[in-house]
């Protein structure tokens with residue numbers, strides 16, 4: 001079951017290819033006619049130790065068979081390593097292997113690897129090509145698509161970065177077989193997000209599923225639907241607004257408070273998807289308190305998050321005042337005002353500048 005989703009961004013169009021066993025065809029697809037990257041070029045594969053152990057040799061074999069010269073950079077796994085120091089390591093390997101402007105970087109891993117590889121590619125020789133090969137559900141449905149790249153600053157998440165669109169996003173659902181259950185659930189938070197802000201049919205499909213907390217309880221057909229609906233939603237949004245001048249901001253649903261929770265817990269206590277789930281609960285409560293959507297919608301969202309066994313309460317010991325302070329450092333602040341993505345109904349959301357500290361405090365106090 002293979003699906004190709006175009007991402008028609010002006011001047012930077014590319015495809016998302018969803019294909020079981022697609023990892024083995026990575027090189028052939030890059031070297032196709034016309035080639036996305038000319039055969040014979042140097043490619044720098046960036047991964048982490050766990051992913052590379054499972055899939056590194058297959059990716060390299062596919063690329064070398066297609067005529068590419070492959071080198072590698074293996075970085076530690078984890079959000080806390082998403083820093084400029086890691087970017088420097090990638091650049092050092094690029095220098096040692098003499099990557100040129102016709103060369104490319106290939107991100108084999110989750111969202112952290114994808115973000116860092118994309119940013120390293122955007123800044124090496126003022127920009128070389130990048131290919132995204134996501135290996136987590138979260139990266140497949142979100143981080144690998146749309147060209148957002150970057151790293152964290154000690155004062156906030158993703159404050160340093162650039163827009164740099166990939167030449168190709170290759171999604172091989174079979175690699176999810178080695179994904180830990182907690183990471184699968186983290187990806188489901190982003191899937192639920194798409195249901196709330198864009199795709200009510202996806203939301204309904206998820207409601208009909210018996211279990212969503214582990215991949216083994218999700219059949220191939222539903223998994224393919226989850227991937228295609230989510231990727232299509234993101235492609236629809238980013239193709240209309242590449243650099244977040246308007247519509248694309250709705251993709252940050254749950255992320256405003258979520259990013260604050262991540263940074264305040266040192267990127268160790270909760271992962272990104274878990275933080276987004278907490279943020280969605282808070283945003284839903286704020287929307288209800290502002291009479292934007294009703295209690296029934298709040299309950300539906302909460303039930304879906306609970307069925308996925310995602311957290312819906314603030315981590316123990318987290319101070320509400322600290323969260324409010326952290327929100328001021330969020331990259332989505334405009335003219336000193338924190339912008340929130342709020343739902344109007346299942347399948348539609350908008351960006352609001354009208355959320356007061358009191359509304360945030362009230363919602364968080366109940367969590």
Final fewest-first order of 175, 130 on the 10 Å Cβ neighbour count is 175, 130
Alpha-carbon Rg/Rh ratio, for the range 3-178, with Rh computed the Kirkwood way
0.92
DSSP bridge pairs, the range 1-150: antiparallel proportion in percent, nearest 5
25
FRET E, pair residue 204, residue 98, Förster distance 51 Å, beta-carbon r, rounded to 0.05:
0.45
Which of 198, 29, 124 comes first, and how do the rest follow, when ranked by fewest Cβ neighbours within 10 Å?
29, 124, 198
Taking every DSSP bridge whose two residues both lie in the chain, the antiparallel percent to the nearest 5 is 40
Using only Cα atoms, locate the centre of the range 293-319 and the centre of the range 92-141, then give the distance between them in Å, rounded to an integer.
35
Where does each of 188, 140, 290 land when they are ranked from fewest to most other beta-carbon atoms within 10 angstrom?
290, 188, 140
For the chain, modelled as a Gaussian network with Cα springs under 10 Å, which listed residue fluctuates most, 325, 87, 226?
325
Cα centroid separation - the range 164-224 against the range 16-56, whole Å:
22
Please state the shape class of the range 187-249: rounded when a/c is under 1.5, otherwise prolate if a/b exceeds b/c and oblate if not, all from the C-alpha gyration tensor.
prolate
Convex hull volume of the Cα atoms in the range 181-365, per residue, in Å³?
107
Based solely on C-alpha atoms, express the radius of gyration and the Dmax of the range 276-367 in angstrom.
12.9, 38
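None of the figures in this text is laboratory data; all of them are computed from the coordinates on show. As the structure is a computational prediction, the values presented were derived from the model and not from experiment. Using ideal geometry, Cβ is built from the backbone for each residue, glycine included, and neighbour counts are taken over all protein chains shown.
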